[in-house]
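Enquirer: The structure's right below; bear with me while I get my questions together.
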Amino acid sequence: MKTAVSIPDEIFQTAERLARRMKKSRSKLYAEALSEYVSRHSSDEATESMNVALKELGNASDSFVAAATRKVLERVERL
């Protein structure tokens, strides 16, 4: 898919240098960068869905489950 976007000159020049250094085309560099960005932010949708489900279930009364859940979520958010 071809598309046109406007980006600041400084970012364009930095991306050009990076593409040359990595021996990649500009299109490949931009596609990989956008893919990474989308992957990072798609977890936001999953987190929101989990928050809605948890709200519907109410608060966890089991302290072990609450502590385990907190640890898992902390690890996920660091990624």
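Enquirer: Against the condition farther than 17 Å from residue 76 by Cα, assigned to a helix (DSSP H, G or I) and under 23 Å from the mean Cα position of the chain (by Cα), how does residue 33 come out, does it pass?
Expert: Taking the combined requirement at face value, the residue satisfies it.
Enquirer: Quick one: residue 59 ticks every box in (1) modelled with pLDDT of 80 or more; (2) in a loop (DSSP other than H, G, I, E, B) bar one, so which box is it?
Expert: Tallying (1) modelled with pLDDT of 80 or more; (2) in a loop (DSSP other than H, G, I, E, B), residue 59 fails exactly one: (1).
Enquirer: From 23, 28, 55, which residue is under 22 Å from the mean Cα position of the chain (by Cα) and basic (Lys, Arg)?
Expert: 28
Enquirer: Can you tell me which of 2, 24 is surrounded by 10 or more Cβ atoms within 10 Å (Cβ to Cβ) and assigned to a loop (DSSP other than H, G, I, E, B)?
Expert: 24
The values are calculated or read from the model by the stated rules, or taken from the named source; none is laboratory data. Small disclaimer: the values here were computed from a predicted structure and weren't measured. Cβ coordinates were reconstructed from backbone atoms using ideal geometry, including for glycine residues, and neighbour counts include every protein chain displayed.
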